[in-house]
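Chemist: Take this structure, written in structure tokens, and hold onto it; I'll ask about it next.
The values are calculated or read from the model by the stated rules, or taken from the named source; none is laboratory data. Quantities reported herein were computed from a predicted structural model and do not represent experimental measurements. Please note: Cβ atoms are built from the backbone with ideal geometry, for glycine as well, and neighbour counts cover all protein chains shown. Note: accessible area is taken over every heavy atom of the protein model, side chains too, but ligands, DNA and RNA are not part of it. Shrake-Rupley method; radii C 1.70, N 1.55, O 1.52, S 1.80 Å.
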Amino acid sequence: MNEMTSFHRELIADVQGDADAMGLITSEAFLEKVGEILDEAGEISAFEQCFYEGMYDKKSIGISAYCWDPGDEEGVLSIIISDFVRSEEPRGLLKADIKALLNKLIQFTKAARDTNFSEKLEETSSAFVFADFFVRNIKKFGKIKLILVTNRLNKARSWDAHSLGTIAGIPTTVSIWDLARLERFISSGQTRDDLVVNFADDFGEPISVLKASFEGAPLESYIAVVPGSQLADIYDKWGARLLEANVRSFLQARNKVNRGIRDTIKDDPSMFFSYNNGLTATAESVEVVQMEDGLFLMSAENFQIVNGGQTTASIHAAKKLSPAQLKNVFVQMKLTVVPKASVEEIVPNISLFANSQNKVNAADFSSNQPFHVQMEEFSRRVLAPSGEDEYRETKWFYERARGQYADEYGKRSVAEKRKFKAEFPRSQFITKTDLAKFENSYRCKPHVVSLGAQKNFGNFASAIGKEWKKNESEFDETWFKRLVAKAIIFRTLEKLVPAQDWYEGGYRANIVTYAFAKLVHDAQQQGKVPDLDRVWKLQRVPAALEEALKVTAKAANEQITNPPDGVRNFSEWAKKQACWEQLSRLNLDYPESFGDVLVSPQEAKAAKDSDRRDRNAMSGAEAMTEVMQQGGEYWGQILNFGLHMGKISPKEKGILTVCSHIPQKLPSEKQAVIAIAVANRLEQFY
């Protein structure tokens, strides 16, 4: 079985599992899974499902979901059609299939503008909601993105931000996310294989560059001056996907268009070059040609702007407001060519250091930041209790960078893969955006979670960066265990909601985050907090807590689906702080047993302190067991880290060296205790 077939079967199994657990039909479960990927990839933000299939003017029409952000200055409306096929082997998607699917979407947009069509729809149906929304807001759309998502393999040419002319006079592009592209993203975080900026052929002219790197330099680099109109056209095609992922997270948490940049373009465009710091960009490869007048950049593969996102977005916005002014706008650009094999390591550092002048917390950025590295370290080491239904302890896998789980799994033999899955079950897998979702729900920010994965992560990263700087020791092993407890509660809610008799479908993600936040809020009103340590020990939600969650979930559903007069879109209502404030003020009738699953903050702190003392007071035998479980590779990393930081004594160096040679050499119990103590002590420097 080749890798693509294996990935396809795993995807089908995951979708079927989600559908069974959440009471969805498989096409809905597939779209929900793919929607999270598209959100994380920057293609969309917080989409809304609205499945519809029918006929209009003797033509097939259809739609699966749409995405619209009122705060997006670009005015991009994304309309999605989903194509999910159950099969043993991946099937092909031909040019005729693509045309038929896209035509359904295009015809639906025509039907939506016909009142004779929309008046025949049920007013409560999601198709009516979209049609009504489309007509009411059509003047606000600056661009329409048609997106086809499928678990088939695209046999035709790749379409990514491909221009399709106009719909209702609005510029329209098409992107296809097929099985191969989904696999690339899940296995390596790679979203932009197709993002090749051809300056010469697609954007008017090549860019004159000066080579900035010396002979033998580790990376090839160039300095250039980019015309503002050309930069605006490039951003018009690729949008936020042009921005490096972590910068995108930062920008989406704040206003995109900088007023100062906008005013300079409007009032003094010829001084833009002098006033602006310019762009820092990377590409995996470039085509540079020597001409009579010097070097020219013809194209750049996987071109990414890692600093200057606001400048780019502001210039693009100015293209609509002051197009004539752009002819006098020029931007300096520093371009570094980073080979694909080094992208994961180098690009985040360029992004971090290039943005250091912007008062952006370090945690806003790379997956290499200490917080994420520390969570990863805990996740590989901390054993989760077996619970009541299992017989063996397992671990929760934290994926700080996309593709880590698949990479760890893929490089093992068949027998080792079975062992890996037993140690790290697929259901015990947490991504960075998952973590942000669980935490911000617990922090009573369901309206922020409802904004979508990228925006929520930006909000979380900003908060966690400040907290880390203030007291990083708070993020210890107990913090990680309680994070896992929050994940268990959140995922339990995801299964509970569709099973309730009041649930009529839709808005599950909003209901879940609101229900979790409401429970935490009401516990705090009683001077208590949920007993997360109990959830960790049980590895499930206690029955009393589950009953309380049903109460908050029902209230959340009523709150979200009954917006104020004039608000028709439930998901947009869920993004408003007012929605959360109204729910938080409601008094709910909880079962008496609710109090049994709450503890006081003092009790929670005492448990944390006790946990820390237990870790420090580990017996020789226990220490030996843990040292052996970690293995020689882990202790080699601890040794190197300790030496690098200059934080270990010669005696400790000797002990760690012995541990790093496990199983060829074995430490004594006493040495194992010291090794564990060193590892715990070094945690503060991660």
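Chemist: Roughly how many whole Å is it from the C-alpha centroid of the range 654-671 to that of the range 389-419?
Modeler: Centre-to-centre (Cα) distance: 26 Å.
Chemist: Now a separate question. Shape call for the range 192-355 from the C-alpha gyration tensor, a ≥ b ≥ c root eigenvalues: rounded (a/c under 1.5), prolate (a/b greater than b/c) or oblate?
Modeler: Judged from the Cα gyration tensor, the range 192-355 comes out oblate (a/c at least 1.5, b/c at or above a/b).
Chemist: Multiply the residue separation of Val567 and Glu592 by 0.36 nm, subtract the distance between their alpha-carbon atoms, and state the gained length in nm to one decimal.
Modeler: Contour length minus the Cα-Cα distance gives 5.4 nm.
Chemist: Can you sort Ser600, Ser473 by 1.4 Å-probe accessible area, starting with the largest?
Modeler: Numbers: Ser600 20, Ser473 65 Å².
My answer, sorted largest first, is Ser473, Ser600.
Chemist: For a Förster distance of 35 Å, can you work out the FRET efficiency between the beta-carbons of Val414 and Ala341, rounded to the nearest 0.05? Could you put the intermediate results ahead of the total?
Modeler: Details: r = 27 Å, r/R0 = 0.76.
Computed FRET efficiency for Val414 and Ala341 comes out at 0.85.
Chemist: Calculate, for Asn137 and Ala100, the FRET efficiency according to 1/(1 + (r/R0)^6) with r their C-beta to C-beta distance and R0 45 Å; round to the nearest 0.05.
Modeler: 0.95
Chemist: May I ask you to order 162-169, 485-492 by the average number of other C-beta atoms within 10 Å around their residues, highest value first? Display every interim value, and only then the final one.
Modeler: Numbers: 162-169: 13.0, 485-492: 21.4.
Output ranking for 162-169, 485-492: 485-492, 162-169.
Chemist: Here's another thing I want to ask about it. Working out 0.36 nm times the residue gap between Ser322 and Asp263, then minus their Cα-Cα distance, what length gain in nm do you get to one decimal?
Modeler: Roughly 20.2 nm would be gained on extension.
Chemist: At 7 Å along the Cα-to-beta-carbon direction for both Met628 and Glu88, put a label point, then send me their distance in nm to one decimal.
Modeler: In this crude spin-label approximation the distance works out to 4.5 nm.
Chemist: Moving to a separate point now. Multiply the residue gap between Arg585 and Thr5 by 0.36 nm, knock off their C-alpha separation, and tell me the result in nm, one decimal place. Spell out each step's value before the answer.
Modeler: On the way: separation 580, 0.36 × 580 = 208.80 nm, distance 5.07 nm.
So the extension gain works out to 203.7 nm.
Chemist: Turning to a different aspect of this structure: May I ask for the distance between the Cα centers of the range 271-306 and the range 12-37, given as a whole number of Å?
Modeler: The range 271-306 and the range 12-37 have Cα centres separated by 42 Å.
Chemist: Within the range 1-100, what whole-number % of the accessible surface is contributed by carbon and sulfur, with the 1.4 Å probe and all protein chains included in the calculation? Don't jump to the answer; show the numbers that get you there.
Modeler: Working: 2220 of 4470 Å².
Solvent-exposed carbon and sulfur of the range 1-100 make up 50 percent of the total.
Chemist: If you don't mind, another one. What does the accessible area per residue of the range 617-684 come to in Å², with a 1.4 Å probe and no ligands, DNA or RNA counted?
Modeler: Averaged over the residues of the range 617-684, the accessible area is 53 Å².
Chemist: Give the calculated FRET efficiency between Leu219 and Asp407 to the nearest 0.05, with a Förster radius of 22 Å applied to their Cβ-Cβ distance.
Modeler: Values: r = 24 Å, r/R0 = 1.08.
Efficiency at R0 = 22 Å is approximately 0.40.
Chemist: Run the dipole for the chain about the Cα centre, Lys and Arg Cβ at +1, Asp and Glu Cβ at -1, nothing else charged, and hand back the magnitude in debye, nearest 20.
Modeler: Magnitude of the dipole: close to 640 debye.
Chemist: To continue, here is another question. Going by Cα centres, the range 133-180 and the range 541-574 are how many Å apart?
Modeler: One Cα centre to the other: 32 Å.
Chemist: Label the range 435-611 by shape, choosing from rounded, prolate and oblate, from the square roots a ≥ b ≥ c of the eigenvalues of the Cα gyration tensor; if a/c is under 1.5 it is rounded, and otherwise prolate applies when a/b is larger than b/c, oblate when it is not.
Modeler: In terms of gyration-tensor shape, oblate.
Chemist: If you place +1 on the Cβ of every Lys and Arg and -1 on the Cβ of every Asp and Glu, how big does the dipole about the Cα centre of the range 435-611 come out, in debye to the nearest 20?
Modeler: Charge dipole of the range 435-611: 580 debye, to the nearest 20.
Chemist: Based on the mean of other Cβ atoms within 10 Å per residue, sort peptides 401-409, 220-228 so the most packed one is first.
Modeler: 220-228, 401-409
Chemist: Could you pull the accessible area for Phe214 with a 1.4 Å probe, rounded to 10 Å²?
Modeler: Ignoring ligands and nucleic acids, Phe214 comes out at about 140 Å².
Chemist: In whole percent, what relative contact order does the range 192-355 give with Cα contacts below 8 Å and a gap of six or more residues?
Modeler: This gives 35 percent for the range 192-355.
Chemist: Something else about it: How high is the relative contact order of the chain, in percent, counting Cα pairs under 8 Å that sit 6 or more residues apart?
Modeler: Working: 1108 pairs, mean separation 68.1, N = 686.
In percent, rounded to a whole number, it is 10.
Chemist: Taking a ≥ b ≥ c as the square roots of the eigenvalues of the Cα gyration tensor of the range 136-206, is the shape rounded (a/c under 1.5), prolate (a/b larger than b/c) or oblate?
Modeler: In terms of gyration-tensor shape, oblate.
Chemist: Return the carbon/sulfur percentage of the accessible area of the range 137-243, one whole number, probe 1.4 Å, all protein chains in place.
Modeler: Values: 2120 of 4260 Å².
The nonpolar share, carbon plus sulfur, comes to 50 percent.
Chemist: Starting from the 7 Å offset along Cα-to-Cβ, what nm value, one decimal, do you get for the label separation of Ala168 and Lys469?
Modeler: With each label placed 7 Å out from Cα toward Cβ, I get 4.5 nm.
Chemist: Still on this structure, please answer the following. Hey, can you rank 417-430, 52-65 by average C-beta count inside 10 Å, highest first? Walk me through the numbers before you get to the answer.
Modeler: Working: 417-430: 14.7, 52-65: 17.1.
Packing proxy ranking, top to bottom: 52-65, 417-430.
Chemist: State, to one decimal in nm, how far the label point of Arg681 lies from the label point of Met645, with both points 7 Å from Cα in the Cβ direction.
Modeler: Between Arg681 and Met645, the label points sit 1.1 nm apart.
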